[in-house]
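A short write-up of the structure that comes next.
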Amino acid sequence: MPIGEFGGAPTLPGQGGPLTTTPLYWFYELGHAALHPSRAVADAMRLYFKNPLNPLSHTPLGKQIAAGAEVYERAIRRYARPEWRIASTLVGGERVPVEIKSVWERPFCRLLHFERQFAHPQRYPQPKIVLVAPMSGHFATLLRGTVEAFLPDHDVYITEWVDARTVPLTDGRFDLDDYIDYVISILHKLGGDCHVIGVCQPSVPVLAAVARMEAADDPYVPHSMTLMGGPIDTRFNPTAVNRLAEERGIDWFRRHVIAKVPFPHPGFMREVYPGFLQLTGFISMNLDRHVDAHWQMFQHLIDGDGDNAQKHREFYDEYLAVMDLTAEFYLQTVDTVFVKHALPKGKMTHRGKPVQPEKIRRVALLTVEGEHDDISGVGQTEAAHQLCTNIPDGRKSHYLQLAVGHYGVFNGSRFRAEIAPRIADFVRTAEQAGRKPRAA
């Protein structure tokens, strides 16, 4: 499908005049409620004109009405968090059931374990991988393809971030420091015998968490960390996202894109960066492609091309499902990563203590970038190597994947064929080199 790739770093929408964002959120909710009757009518029309017992459903006009009604209803609905839809995986030629369990939980995150139900105990345990999913507007299911690629040969865990509008104010704040705390706590939960992969936006907090653990001589550091398409140093090949952040400054974002969650959501009155604003930013970057994709969907439905129509549905069920981010996390991330460039300048702190990547010495490092990435430019992730000066050269590696954009760094055919195998090889090498006694 000729649809634009979507990003993992915070997209910064709104280059026009001032917004009064909190009333805008309320108006958005009001508009969504007001459109409910038209959604119901459109859905009823779709069902009526697709009914095989209806003679009109077989006419060109009937097919156009049914197609138009479905495209309209899908364009204005609110999309819930998608399901994982991972029931099994193929391990050594054997189809193995997969059970998804929550093994660690905090107000803003759950750690999910994709537990493979082997008929017989494995003789050689496979490496544990912790995928730190982006907290940047989309749900963790964005990495469904990433999980599926690693499941056959790895024991996979993933962070599932919670929509801030569903978290009551009584559960407290959540900022970048808390994000780093969560990563450290997860690594402690797994006893350090694992490999952490930061996909896009989490590259910075993952690197910061490992640096803080190394500075404290923490015995539970992972064997390796892989950073994929992340904004470690956005001064390299700055993208439109990076330039907008520097031009506007943090005060502009605080005034223009932060809103309070409206009633009746559980997070009522929590300050957030609304998901619908994030989605507006995503879509505006490739508006012509999205319009074209919906037109093609209309044509597929008329032509009875069920396969392509279903691909469109699956993509947009994921793409249009967005979550709110806490205001403090969003603003601190924009200020630290995109405005002040605090990490590469050696000025980033966590709980008042310096984040020092040069302290990392026991953890192998792999960075992955996409040639056509328009969210995190080429060189921004590789910059981690310049910061982690005490990791031996033999335990550091960088890979640039040609002919892919941001989304292709962690999903799609090239990821499965070329990137995932390289990460797997790196993990196996780090696993062998990093085996050592761990504290109880």
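Just so you know, all these numbers are worked out from the coordinates, no wet-lab data involved. Owing to the predicted nature of the structure, the values given are computational and were not obtained by experimental measurement. Glycine gets a Cβ as well: all are built from the backbone with ideal geometry, and neighbour counts include every protein chain shown.
Tell me, what ³J(HN,Hα) does each residue in the range 96-111 have, in order and in whole Hz, if you take phi through Karplus 6.51 cos²θ - 1.76 cosθ + 1.60 with θ = phi - 60° and put x for Gly and Pro?
Karplus values, whole Hz, x for Gly and Pro: 10, x, 10, 10, 9, 10, 8, 10, 7, 8, 9, x, 10, 7, 10, 9.
Given the options 44, 149, 383, which has the most mean-square fluctuation in a GNM of the chain, springs set between C-alpha atoms less than 10 angstrom apart?
Largest GNM mean-square fluctuation: 44.
Name the long-range amide H neighbours of residue 324: under 5 Å, sequence gap of 5 or more, or other chain; modelled H, no Pro or chain starts.
The list, which skips near neighbours in sequence, is 164, 165, 275.
Sort 381, 429 by Cβ crowding within 10 Å, fewest neighbours at the top.
Values: 381 29, 429 17.
Sorted ascending by nearby Cβ count, the order is 429, 381.
Would you please report the Å³ per residue occupied by the convex hull of the alpha carbon atoms in the range 318-440?
Value for the range 318-440: 178 Å³ per residue.
What helices does the chain hold that run 15 Å or longer along their axis, going by alpha-carbon atoms, with a Kyte-Doolittle average of 0.5 or more, using DSSP H for the helix calls?
Flagged H segments are 203-215, 275-285.
Would you mind checking which residues have amide H under 5 Å from residue 89's amide H? H placed 1.01 Å from N; only 5 or more apart, or other chain.
96, 98
Can you list the HN-Hα couplings for the range 167-173, worked out from phi with the Karplus curve (6.51, -1.76, 1.60; θ = phi - 60°), rounded to whole Hz and with x for Gly and Pro?
9, x, 4, 5, 7, x, 8
Could you line up 297, 285, 228 from fewest to most neighbouring Cβ atoms inside 10 Å?
Starting with the residue having the fewest Cβ neighbours, the order is 285, 297, 228.
State the extension gain, in nm to one decimal, for the chain segment bounded by residue 310 and residue 433, taking 0.36 nm per residue of separation less the distance between their alpha-carbons. Could the numbers behind the result be given before it?
On the way: separation 123, 0.36 × 123 = 44.28 nm, distance 4.50 nm.
Here the segment from residue 310 to residue 433 would lengthen by 39.8 nm.
Extension gain residue 299-residue 417, at 0.36 nm per residue separation less the Cα-Cα distance, in nm?
Extending this stretch completely gives an extra 39.3 nm.
Can you give me the long-range amide H partners of residue 104? Hydrogens built in the peptide plane at 1.01 Å from N, cutoff under 5 Å, separation of 5 or more residues or another chain.
111
Compute the distance from the alpha-carbon center of the range 60-103 to that of the range 122-164, in whole Å.
The range 60-103 and the range 122-164 have Cα centres spaced 18 Å from each other.
Any idea what the dipole of the range 311-440 comes to, in debye rounded to 20, about its Cα centre with Lys/Arg Cβ at +1 and Asp/Glu Cβ at -1?
920
Considering the chain as a Gaussian network with a 10 Å cut-off on Cα pairs, which listed residue, 99, 318, 271, attains the greatest mean-square fluctuation?
Between 99, 318, 271, it is 99 that shows the largest mean-square fluctuation.
Which whole-angstrom value gives the distance between the alpha carbon centres of the range 269-313 and the range 319-364?
Distance between centres, Cα-based: 30 Å.
Test of understanding: ordering 89, 226 by Cβ neighbours within 10 Å, fewest first, what list do you get?
89, 226
At 7 Å along Cα-to-Cβ for each site, give me the label-to-label distance between residue 24 and residue 95 in nm.
Calculated label separation equals 4.9 nm.
Say we join alpha carbon atoms closer than 10 Å with springs in a Gaussian network model of the chain; which of 344, 264, 121 then has the biggest fluctuation?
Fluctuation is largest for 121.
Need one number: % antiparallel among DSSP beta bridges in the chain, to the nearest 5.
Around 50 percent of the beta bridges assigned by DSSP in the chain are antiparallel ones.
Return the subset of 128/353; 359/396; 260/347 for which the Cα-Cα distance in this structure is over 23 Å, preserving the input order. Let's see the in-between values first.
Numbers: 128/353 29 Å; 359/396 15 Å; 260/347 31 Å.
From 128/353; 359/396; 260/347, over 23 Å: 128/353; 260/347.
How much mean residue ellipticity at 222 nm does the chain get from its helices, if each DSSP H run of length 4 or more adds -39500 (n - 2.57) and you divide by all residues, to the nearest 500 deg cm²/dmol?
Numbers: 14 runs with 164 residues, N = 440.
Calculated mean residue ellipticity at 222 nm is -11500 deg cm²/dmol.
Hey, if you put +1 on the Cβ of every Lys and Arg and -1 on every Asp and Glu Cβ in the chain, which of 320, 57, 306 ends up farthest toward the positive end of that dipole?
About the Cα centre, the residue reaching furthest to the positive side is 320.
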